[in-house]
Amino acid sequence: MSRRVLVAGVGMVPFAKPSAAKTYDDMGAGAVSAVLADAGLAYDRIQQVYAGYVYGDSTCGQRVVYRSGTTGVPVVNVNNNCASGSSALWLARQAVESGAVECALAVGFEQMPPGALGAKWTDRPAPLTDFVAGLKAVHDIDPGLPLTPQYFAAAGVEYMAKYGMKADTFARVSVKARAHAANNPYAVFRAPITLDEVLGAPRIAGPLTRLQCCPPTCGAAAAIVCSEDFARRSGLTPKVAIAAQTLQSDTGDLFAKQSAMSLVGSDVTRAAANEVYEKAGVDPRDIRVVELHDCFTVNEVLTYEGLGLCPEGGAEEFILNGDNTYGGRVVTNPSGGLLSKGHPLGATGLAQTAEITWQLRGEAGARQVEGVTLGLQHNLGLGTAGVVTLFEKVS
């Protein structure tokens, strides 16, 4: 059984620096209140809840939604690294599409610690052990630096060697991100920056300076999905549907490739995007607005090609021609992306969902991309979880 899944509502709270943020339960409850108001539903109409987060004990999801009601519905807590929010949406969509329920809530939240991310459990095997070994095989790891940016720095060096791209082209992605974020009240960093400022910021690893790395922030976002029958019976008129969606992990040849680009998910992104396009019968050239996972500028560049927004090896020309922004071929991250909003891990995928939904409903204000009927969302977690979702405007 397969049914069309509608986006009944979306909501989020403004992201904030860890030093200025509320606690995860306050932020999560705020996002739930916002999505219920947007959908025009009471919490007792929700039949299942999927809560995405990374930094928290078990049943944080219950802590969040109990602020809205204790109705006895199943609450499933989802940890899939940086793709946790989108994984929660994937589960909610599956539940509705299969006919298991008529209406489900996906909420993502994160109360992030300040500074670079690090392991929380040091008394057991680390989940990324094989990835660290894979990185060591292709790149000299600096033990004095955080590990995560070194994955993407290595991928950037590999990309430049393979296609001849200049290092400062990565930096242009940060300039574009801030220009977009200037019109987003939910973003933490909204002040414009210049190319010289990006290049002149402290160097973190390889071609990456500090202004090319997403900052840790706190926040929450949510979406409610429902069936067409539920919407009709409830007097709802959703304007957005999920046309296709997939969640994928790595295939067996990942480590044999000895590629940093593959380690950071470029292969998963490409496979997931191709599956979504095939399911929906859509060509990537039909896409005019995308929210993609720009945890580092390098990842945005790799993702352009993985999503088929430009030819393989064509990202530099794509960027220099302005085809990644307003007036170009496709507007990437009109929200400002993770580079400007920040990256509260569990909230990120659902914040992307909110932005694409607003775009398709024509409610994005000064960020609005005109004439869009399709919107693509891409969310990636190292280790690996890659989610690609294609949303469509409902006529």
Mind checking which of LEU105, LEU195, LEU89 has the largest fluctuation in a GNM of the chain, springs on alpha carbons under 10 Å?
LEU195
Choose one answer from ASP25, ASP57, ASP123: the residue with the largest mean-square fluctuation in a GNM of the chain with alpha-carbon springs under 10 Å.
ASP123
Quote the accessible area belonging to PHE131 in square angstrom, nearest 10, computed with a 1.4 Å probe and with ligands, DNA and RNA left uncounted.
10 Å²
Reported to the nearest 10 Å², MET12 has, with a 1.4 Å probe, an accessible area equal to 20 Å²
Build a GNM of the chain with springs between Cα atoms under 10 Å: which of ALA280, ALA126, ALA385 gets the top mean-square fluctuation?
ALA126
Over 23 Å (Cα to Cα) among LYS279/LYS341; LYS162/LYS341; LYS279/LYS393; LYS17/LYS136 -> LYS279/LYS341; LYS162/LYS341; LYS17/LYS136
Space enclosed by the convex hull of the alpha-carbon atoms of the chain, per residue, Å³:
132 Å³
Just reorder LYS393, LYS341 by solvent-accessible area, largest first, 1.4 Å probe, all chains present.
LYS393, LYS341
For the chain, what proportion of DSSP beta bridges, expressed in % and rounded to the nearest 5, is antiparallel?
75 percent
Roll a 1.4 Å probe over the protein heavy atoms and report the accessible area of LYS166 in Å², nearest 10.
140 Å²
Determine the shape class of the stretch 126-231: with a ≥ b ≥ c the square roots of the Cα gyration tensor eigenvalues, call it rounded for a/c under 1.5, and otherwise prolate if a/b is greater than b/c, oblate otherwise.
oblate
Over the Cα atoms of the stretch 241-333, what Rg and Dmax result, in angstrom?
13.4, 41
With a cut-off of 14 Å, note down the residues of the stretch 223-253 whose backbone N falls inside the zone around a label point 7 Å from the Cα of ALA280 toward its beta carbon.
240-247
To the nearest 10 degrees, how steeply does helix 84-98 sit against the main Cα axis of the chain, on a 0 to 90 scale?
40 degrees
Calculated from backbone phi, Karplus (6.51, -1.76, 1.60) coupling profile of the stretch 222-231 in Hz, x at Gly/Pro
7, 9, 10, 10, 8, 7, 5, 5, 4, 4
Applying a 10 Å radius around every beta-carbon, put 376-383, 198-205 in order of their mean neighbour count, most first.
376-383, 198-205
Can you give the FRET efficiency for TYR66 and ASP142, using 1/(1 + (r/R0)^6), R0 = 51 Å, r = Cβ-Cβ distance, to the nearest 0.05?
0.70
FRET efficiency, 1/(1 + (r/R0)^6) with R0 35 Å, evaluated for ASP123 and GLU312 via beta carbons
0.25
Ordering 239-250, 68-79 by per-residue average of other C-beta atoms within 10 angstrom, highest first, gives 239-250, 68-79
Inter-site label distance for GLU197 and ARG210 at 7 Å from Cα along Cβ, in nm
1.3 nm
Of all C-alpha pairs within the stretch 1-158, those more than 22 angstrom apart amount in percent to 51 percent
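With +1 on the Cβ of every Lys and Arg and -1 on the Cβ of every Asp and Glu, and nothing else charged, how large is the dipole of the chain about its Cα centre, in debye rounded to the nearest 20?
Its charge dipole is roughly 740 debye.
The values are calculated or read from the model by the stated rules, or taken from the named source; none is laboratory data. Fair warning: this is a prediction, and the values are worked out from it, not measured in the lab. Glycine also receives a Cβ, built like all others from the backbone with ideal geometry; neighbour counts cover every protein chain displayed. Side chains are part of the model used for accessible areas, which takes the heavy atoms of the whole protein and leaves out ligands, DNA and RNA. Shrake-Rupley method; radii C 1.70, N 1.55, O 1.52, S 1.80 Å.
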